[in-house]
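Take a look at the structure set out below.
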Amino acid sequence: MSATTPSAAPSFRGRIGRDARSGYYAAARRYRLHLSVTCPQSLRIAVTHSLLGLGDTLPVTLLPAVPDGSDGGHRLLRPLYEASSHQYAGPAAAPVLHDTWTGRIVSTHTPDILRDLVRQFGADGPDLLPHGAEREIGNVDRLCEENIGRAAQRAGQSGADRPAEREAALATLLLALDELEALLSDREHVLGGQLTLADVRLWVTLVQLDTVHRHHLDAAAIHRITDRPRLWAYARRLAAHPAFGPHLDLEGIARRHHAHCRGEEAAGAAVRIVDWAAYTRREAPEPAQHAS
(Lines give C-alpha, C1' and ligand atoms only; values in the text may rest on other atoms or scores of the structure.)
Protein backbone atom coordinates (compact mmCIF):
# COMPACT_ATOMS: atom_id res chain seq x y z
CA MET A 1 0.00 0.00 0.00
CA SER A 2 1.27 3.44 -0.81
CA ALA A 3 1.71 5.84 2.04
CA THR A 4 1.10 9.55 1.98
CA THR A 5 3.32 12.18 3.50
CA PRO A 6 2.42 12.63 7.19
CA SER A 7 0.03 15.53 7.56
CA ALA A 8 -2.53 16.84 9.98
CA ALA A 9 -5.98 18.19 9.24
CA PRO A 10 -5.80 21.69 7.78
CA SER A 11 -4.66 24.00 10.55
CA PHE A 12 -5.47 27.31 8.90
CA ARG A 13 -8.83 28.13 7.34
CA GLY A 14 -8.66 31.87 6.66
CA ARG A 15 -10.58 33.21 3.67
CA ILE A 16 -9.94 36.13 1.35
CA GLY A 17 -12.90 38.49 1.16
CA ARG A 18 -13.89 41.41 -0.98
CA ASP A 19 -14.18 43.89 1.89
CA ALA A 20 -10.92 45.53 3.02
CA ARG A 21 -12.33 45.49 6.57
CA SER A 22 -12.32 41.67 6.55
CA GLY A 23 -8.56 41.59 7.14
CA TYR A 24 -7.61 39.34 4.26
CA TYR A 25 -8.81 41.07 1.11
CA ALA A 26 -7.78 40.60 -2.51
CA ALA A 27 -4.78 42.69 -3.51
CA ALA A 28 -2.29 42.05 -6.28
CA ARG A 29 0.99 40.50 -5.06
CA ARG A 30 -0.09 40.60 -1.42
CA TYR A 31 -0.26 36.81 -1.17
CA ARG A 32 2.06 33.96 -2.12
CA LEU A 33 1.37 30.30 -2.77
CA HIS A 34 3.85 27.64 -1.62
CA LEU A 35 3.33 24.46 -3.61
CA SER A 36 4.98 21.10 -4.12
CA VAL A 37 3.46 19.94 -7.40
CA THR A 38 4.22 16.28 -6.64
CA CYS A 39 1.48 16.58 -3.99
CA PRO A 40 -1.99 16.20 -5.58
CA GLN A 41 -3.45 19.06 -3.52
CA SER A 42 -0.70 21.42 -4.66
CA LEU A 43 -1.03 20.20 -8.24
CA ARG A 44 -4.74 21.10 -8.24
CA ILE A 45 -3.90 24.61 -7.07
CA ALA A 46 -1.05 25.00 -9.58
CA VAL A 47 -3.30 24.01 -12.50
CA THR A 48 -6.08 26.34 -11.34
CA HIS A 49 -3.58 29.18 -10.86
CA SER A 50 -2.42 28.73 -14.47
CA LEU A 51 -5.94 28.45 -15.88
CA LEU A 52 -6.79 31.78 -14.24
CA GLY A 53 -3.57 33.43 -15.45
CA LEU A 54 -2.54 34.60 -11.98
CA GLY A 55 1.23 34.51 -12.44
CA ASP A 56 1.66 38.27 -12.02
CA THR A 57 -1.03 38.67 -9.37
CA LEU A 58 -0.26 35.83 -7.00
CA PRO A 59 3.35 34.58 -7.05
CA VAL A 60 4.20 30.92 -6.45
CA THR A 61 7.14 29.36 -4.63
CA LEU A 62 7.84 25.80 -5.77
CA LEU A 63 8.94 23.48 -2.98
CA PRO A 64 11.05 20.31 -3.23
CA ALA A 65 9.37 17.23 -4.68
CA VAL A 66 9.96 15.28 -1.46
CA PRO A 67 9.33 17.08 1.85
CA ASP A 68 12.68 17.62 3.54
CA GLY A 69 11.67 18.26 7.14
CA SER A 70 12.09 15.74 9.94
CA ASP A 71 8.36 16.08 10.65
CA GLY A 72 7.35 15.10 7.13
CA GLY A 73 6.84 18.73 6.10
CA HIS A 74 8.95 21.35 4.35
CA ARG A 75 11.74 23.15 6.18
CA LEU A 76 11.13 26.32 4.18
CA LEU A 77 7.58 26.53 5.57
CA ARG A 78 8.48 25.99 9.24
CA PRO A 79 9.04 29.73 9.97
CA LEU A 80 5.64 30.56 8.43
CA TYR A 81 3.86 27.97 10.54
CA GLU A 82 5.61 29.08 13.71
CA ALA A 83 4.84 32.75 12.99
CA SER A 84 1.19 31.89 12.42
CA SER A 85 0.59 29.57 15.38
CA HIS A 86 2.45 29.82 18.69
CA GLN A 87 4.39 26.62 19.43
CA TYR A 88 3.00 24.92 16.32
CA ALA A 89 3.95 21.24 16.57
CA GLY A 90 2.52 19.69 13.41
CA PRO A 91 4.18 19.18 10.02
CA ALA A 92 4.94 22.26 7.95
CA ALA A 93 3.00 20.88 5.01
CA ALA A 94 2.11 22.29 1.60
CA PRO A 95 0.04 23.77 0.10
CA VAL A 96 0.16 27.11 1.87
CA LEU A 97 -1.42 30.45 0.98
CA HIS A 98 0.45 33.09 2.93
CA ASP A 99 -0.04 36.81 3.43
CA THR A 100 3.26 38.58 2.74
CA TRP A 101 2.05 41.76 4.44
CA THR A 102 1.61 40.14 7.85
CA GLY A 103 3.91 37.14 7.38
CA ARG A 104 1.12 34.80 8.47
CA ILE A 105 -0.53 31.82 6.83
CA VAL A 106 -4.02 32.49 5.49
CA SER A 107 -4.99 28.93 4.58
CA THR A 108 -3.71 25.41 4.13
CA HIS A 109 -7.14 24.09 3.07
CA THR A 110 -7.15 23.28 -0.65
CA PRO A 111 -10.91 23.66 -1.37
CA ASP A 112 -10.98 27.11 0.27
CA ILE A 113 -7.82 28.21 -1.54
CA LEU A 114 -9.29 27.10 -4.87
CA ARG A 115 -12.56 28.95 -4.26
CA ASP A 116 -10.73 32.13 -3.31
CA LEU A 117 -8.48 31.95 -6.37
CA VAL A 118 -11.56 31.71 -8.59
CA ARG A 119 -13.87 34.12 -6.76
CA GLN A 120 -11.43 36.77 -5.57
CA PHE A 121 -8.64 36.75 -8.17
CA GLY A 122 -10.06 35.06 -11.25
CA ALA A 123 -12.42 37.70 -12.62
CA ASP A 124 -10.52 37.90 -15.91
CA GLY A 125 -10.15 34.15 -16.33
CA PRO A 126 -12.54 31.28 -17.10
CA ASP A 127 -15.40 30.70 -14.68
CA LEU A 128 -14.16 27.50 -13.06
CA LEU A 129 -16.84 27.62 -10.37
CA PRO A 130 -20.10 28.45 -12.19
CA HIS A 131 -23.03 29.68 -10.14
CA GLY A 132 -25.12 26.74 -8.99
CA ALA A 133 -22.45 24.13 -9.79
CA GLU A 134 -20.86 23.81 -6.34
CA ARG A 135 -22.89 20.74 -5.41
CA GLU A 136 -21.97 18.94 -8.63
CA ILE A 137 -18.30 19.84 -8.19
CA GLY A 138 -18.50 18.58 -4.60
CA ASN A 139 -19.94 15.28 -5.86
CA VAL A 140 -16.99 14.88 -8.24
CA ASP A 141 -14.61 15.67 -5.36
CA ARG A 142 -16.13 12.91 -3.25
CA LEU A 143 -16.13 10.44 -6.14
CA CYS A 144 -12.44 11.11 -6.77
CA GLU A 145 -11.51 10.99 -3.10
CA GLU A 146 -13.48 7.95 -1.97
CA ASN A 147 -14.29 5.83 -5.00
CA ILE A 148 -11.10 6.33 -6.98
CA GLY A 149 -8.23 7.43 -4.74
CA ARG A 150 -9.00 5.51 -1.55
CA ALA A 151 -10.48 2.56 -3.42
CA ALA A 152 -7.32 2.27 -5.55
CA GLN A 153 -5.18 2.37 -2.42
CA ARG A 154 -7.22 -0.41 -0.79
CA ALA A 155 -7.19 -2.46 -3.99
CA GLY A 156 -3.40 -2.29 -4.03
CA GLN A 157 -2.82 -3.36 -0.44
CA SER A 158 -0.09 -5.95 -0.08
CA GLY A 159 -0.53 -9.34 1.58
CA ALA A 160 -2.55 -12.39 0.72
CA ASP A 161 -4.92 -12.31 3.69
CA ARG A 162 -7.53 -9.86 2.35
CA PRO A 163 -8.33 -10.80 -1.26
CA ALA A 164 -12.07 -10.16 -0.84
CA GLU A 165 -11.43 -6.67 0.51
CA ARG A 166 -9.07 -5.85 -2.36
CA GLU A 167 -11.51 -7.18 -4.95
CA ALA A 168 -14.37 -5.15 -3.45
CA ALA A 169 -12.21 -2.02 -3.56
CA LEU A 170 -11.29 -2.70 -7.18
CA ALA A 171 -15.00 -3.13 -8.02
CA THR A 172 -15.71 0.27 -6.41
CA LEU A 173 -12.92 1.85 -8.44
CA LEU A 174 -14.10 0.33 -11.72
CA LEU A 175 -17.69 1.38 -11.06
CA ALA A 176 -16.56 4.98 -10.53
CA LEU A 177 -14.55 4.89 -13.76
CA ASP A 178 -17.58 3.44 -15.57
CA GLU A 179 -19.68 6.34 -14.32
CA LEU A 180 -17.17 8.85 -15.62
CA GLU A 181 -16.79 6.99 -18.91
CA ALA A 182 -20.54 7.21 -19.45
CA LEU A 183 -20.59 10.85 -18.40
CA LEU A 184 -17.98 11.75 -21.01
CA SER A 185 -19.82 9.99 -23.82
CA ASP A 186 -21.75 13.13 -24.76
CA ARG A 187 -19.71 15.98 -23.30
CA GLU A 188 -16.23 17.45 -23.48
CA HIS A 189 -15.87 18.12 -19.76
CA VAL A 190 -17.27 16.62 -16.57
CA LEU A 191 -20.06 19.17 -16.15
CA GLY A 192 -20.65 19.78 -19.84
CA GLY A 193 -18.90 21.98 -22.38
CA GLN A 194 -17.19 24.20 -19.82
CA LEU A 195 -13.93 23.54 -18.00
CA THR A 196 -14.46 23.70 -14.20
CA LEU A 197 -12.77 22.78 -10.95
CA ALA A 198 -14.35 19.34 -11.35
CA ASP A 199 -12.08 18.72 -14.34
CA VAL A 200 -9.02 19.86 -12.42
CA ARG A 201 -9.87 17.46 -9.60
CA LEU A 202 -10.57 14.52 -11.89
CA TRP A 203 -7.45 15.05 -13.99
CA VAL A 204 -5.17 15.16 -10.93
CA THR A 205 -6.90 12.02 -9.62
CA LEU A 206 -6.23 10.20 -12.90
CA VAL A 207 -2.59 11.31 -12.79
CA GLN A 208 -2.31 9.81 -9.29
CA LEU A 209 -4.04 6.62 -10.36
CA ASP A 210 -1.55 6.10 -13.19
CA THR A 211 1.65 7.38 -11.58
CA VAL A 212 1.21 6.20 -7.98
CA HIS A 213 -1.57 3.66 -7.39
CA ARG A 214 -0.73 1.73 -10.56
CA HIS A 215 2.46 0.47 -8.93
CA HIS A 216 0.46 -1.64 -6.48
CA LEU A 217 -2.13 -3.13 -8.83
CA ASP A 218 -1.68 -6.29 -10.86
CA ALA A 219 -1.62 -6.32 -14.65
CA ALA A 220 -5.19 -7.68 -14.90
CA ALA A 221 -6.51 -4.80 -12.79
CA ILE A 222 -4.61 -2.24 -14.87
CA HIS A 223 -6.01 -3.75 -18.06
CA ARG A 224 -9.54 -3.34 -16.68
CA ILE A 225 -8.81 0.23 -15.60
CA THR A 226 -7.35 1.08 -19.01
CA ASP A 227 -10.49 -0.12 -20.80
CA ARG A 228 -12.14 3.31 -20.56
CA PRO A 229 -11.19 4.96 -23.89
CA ARG A 230 -13.20 8.16 -23.43
CA LEU A 231 -11.90 8.76 -19.92
CA TRP A 232 -8.23 8.32 -20.81
CA ALA A 233 -8.62 10.32 -24.03
CA TYR A 234 -10.03 13.09 -21.82
CA ALA A 235 -6.99 12.79 -19.53
CA ARG A 236 -4.65 13.11 -22.54
CA ARG A 237 -6.59 16.06 -23.94
CA LEU A 238 -6.28 17.98 -20.67
CA ALA A 239 -2.62 16.99 -20.32
CA ALA A 240 -2.00 18.71 -23.65
CA HIS A 241 -3.48 21.95 -22.28
CA PRO A 242 -0.72 24.43 -21.31
CA ALA A 243 -2.22 24.86 -17.83
CA PHE A 244 -2.11 21.12 -17.06
CA GLY A 245 0.71 19.00 -18.48
CA PRO A 246 3.61 21.43 -17.90
CA HIS A 247 3.05 21.19 -14.14
CA LEU A 248 3.79 17.47 -14.07
CA ASP A 249 7.04 16.51 -12.37
CA LEU A 250 7.07 12.78 -13.10
CA GLU A 251 10.49 12.12 -11.63
CA GLY A 252 9.50 14.03 -8.51
CA ILE A 253 6.22 12.11 -8.16
CA ALA A 254 8.18 8.85 -8.37
CA ARG A 255 10.70 10.00 -5.76
CA ARG A 256 7.95 11.21 -3.41
CA HIS A 257 6.09 7.93 -3.80
CA HIS A 258 9.13 5.76 -3.15
CA ALA A 259 10.16 7.89 -0.17
CA HIS A 260 6.92 7.17 1.65
CA CYS A 261 5.66 3.92 0.15
CA ARG A 262 5.40 0.88 2.43
CA GLY A 263 3.82 -1.49 -0.10
CA GLU A 264 5.11 -3.99 -2.59
CA GLU A 265 5.33 -3.24 -6.30
CA ALA A 266 2.90 -5.34 -8.36
CA ALA A 267 2.84 -6.51 -11.97
CA GLY A 268 0.81 -3.49 -13.08
CA ALA A 269 3.75 -1.19 -12.39
CA ALA A 270 5.18 -1.96 -15.83
CA VAL A 271 1.98 -1.05 -17.68
CA ARG A 272 1.67 2.71 -18.19
CA ILE A 273 -1.78 3.99 -19.16
CA VAL A 274 -0.80 7.46 -20.39
CA ASP A 275 2.59 8.69 -21.64
CA TRP A 276 2.48 11.73 -19.37
CA ALA A 277 6.05 12.66 -20.27
CA ALA A 278 4.87 13.62 -23.76
CA TYR A 279 2.93 16.52 -22.21
CA THR A 280 5.34 17.95 -19.65
CA ARG A 281 7.48 20.10 -22.00
CA ARG A 282 9.66 21.33 -19.20
CA GLU A 283 12.27 20.31 -16.69
CA ALA A 284 11.22 19.40 -13.18
CA PRO A 285 11.00 22.52 -10.97
CA GLU A 286 14.07 23.61 -9.07
CA PRO A 287 13.64 23.29 -5.30
CA ALA A 288 13.05 26.52 -3.49
CA GLN A 289 15.93 27.95 -1.50
CA HIS A 290 15.67 27.67 2.27
CA ALA A 291 15.46 30.80 4.29
CA SER A 292 18.60 31.48 6.27
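Looking at region 76-89, which of its residues are of a type outside the set (A, V, I, L, M, F, W, C) and surrounded by fewer than 20 Cβ atoms within 10 Å (Cβ to Cβ)?
78, 79, 82, 85, 86, 87, 88
Give me the residue from region 127-144 that is acidic (Asp, Glu) and in contact (Cβ under 8 Å) with a residue 60 or more places away in the chain and, out of that set, nearest to residue 209 (Cα to Cα).
My answer is 141.
Regarding residue 53, is this residue under 19 Å from the mean Cα position of the chain (by Cα) and at pLDDT below 95?
So residue 53 does not fit the description; no.
Going by the conditions given, is residue 213 more than 30 Å from residue 122 (Cβ to Cβ) and either modelled with pLDDT of 95 or more or touching a helix residue (DSSP H, G or I) at 6+ places or on another chain (Cβ under 7 Å) (or both)?
Yes: the conditions hold for residue 213.
Identify all residues within region 116-135 that are exposed (fewer than 13 other Cβ atoms within 10 Å of the Cβ) and assigned to a loop (DSSP other than H, G, I, E, B); write none if there are none.
Of everything in region 116-135, those that are exposed (fewer than 13 other Cβ atoms within 10 Å of the Cβ) and assigned to a loop (DSSP other than H, G, I, E, B) turn out to be 123, 124, 131, 132.
Out of the residues in region 139-150 that are within 13 Å of residue 206 (Cα to Cα) and not polar (S, T, N, Q), which is surrounded by the fewest Cβ atoms within 10 Å (Cβ to Cβ)?
145
Considering every residue within region 151-160, establish whether at least one is free of Cβ contacts under 8 Å to residues at least 12 places away in the same chain, surrounded by fewer than 20 Cβ atoms within 10 Å (Cβ to Cβ) and part of a helix (DSSP H, G or I).
no
Residues to consider are 190, 200, 204; find the one that is in contact with a Ser or Thr (Cβ under 6 Å, 6 or more places away or on another chain), surrounded by 20 or more Cβ atoms within 10 Å (Cβ to Cβ) and β-branched (Val, Ile, Thr).
200
Within region 193-247, track down each residue that is in contact with an Asp or Glu (Cβ under 8 Å, 6 or more places away or on another chain), more than 13 Å from residue 51 (Cα to Cα) and not in a helix (DSSP H, G or I).
228
Of all residues in region 182-230, how many are more than 18 Å from the chain's Cα centre (by Cα) and either of a type in the set (Lys, Arg) or within 19 Å of residue 272 (Cα to Cα) (or both)?
Number satisfying all stated conditions: 17.
Just wondering, is there one or more residues in region 55-75 that are part of a helix (DSSP H, G or I) and either polar (S, T, N, Q) or surrounded by fewer than 24 Cβ atoms within 10 Å (Cβ to Cβ) (or both)?
Yes, region 55-75 has at least one match.
If you check residue 92 against the conditions, is it more than 18 Å from residue 16 (Cβ to Cβ), free of Cβ contacts under 8 Å to residues at least 60 places away in the same chain and crowded, with 18+ Cβ neighbours inside 10 Å?
So residue 92 passes the test.
For region 162-192, which residues satisfy the criterion of being assigned to a helix (DSSP H, G or I), more than 13 Å from residue 233 (Cα to Cα) and acidic (Asp, Glu)?
Hits for region 162-192 are 165, 167, 178, 179.
Which of (1) surrounded by fewer than 18 Cβ atoms within 10 Å (Cβ to Cβ); (2) assigned to a helix (DSSP H, G or I); (3) without any contact (Cβ under 8 Å) to a residue 60 or more places away in the chain does residue 255 not meet, given it meets every other one?
Looking at each condition in turn, residue 255 falls short on (3).
Looking at (1) in contact (Cβ under 8 Å) with a residue 40 or more places away in the chain; (2) under 21 Å from residue 67 (Cα atoms); (3) more than 21 Å from the chain's Cα centre (by Cα), which one does residue 100 not meet, given that it meets all the others?
(2)
Check region 92-106 and report whether any residue there is assigned to a helix (DSSP H, G or I) and either at pLDDT below 95 or farther than 14 Å from residue 201 by Cβ (or both).
no
The values are calculated or read from the model by the stated rules, or taken from the named source; none is laboratory data. Given the structure is predicted, the values throughout are model-derived calculations rather than measurements. For neighbour counting, all protein chains shown are included, and Cβ atoms are generated from backbone atoms with ideal geometry for every residue, glycine included.
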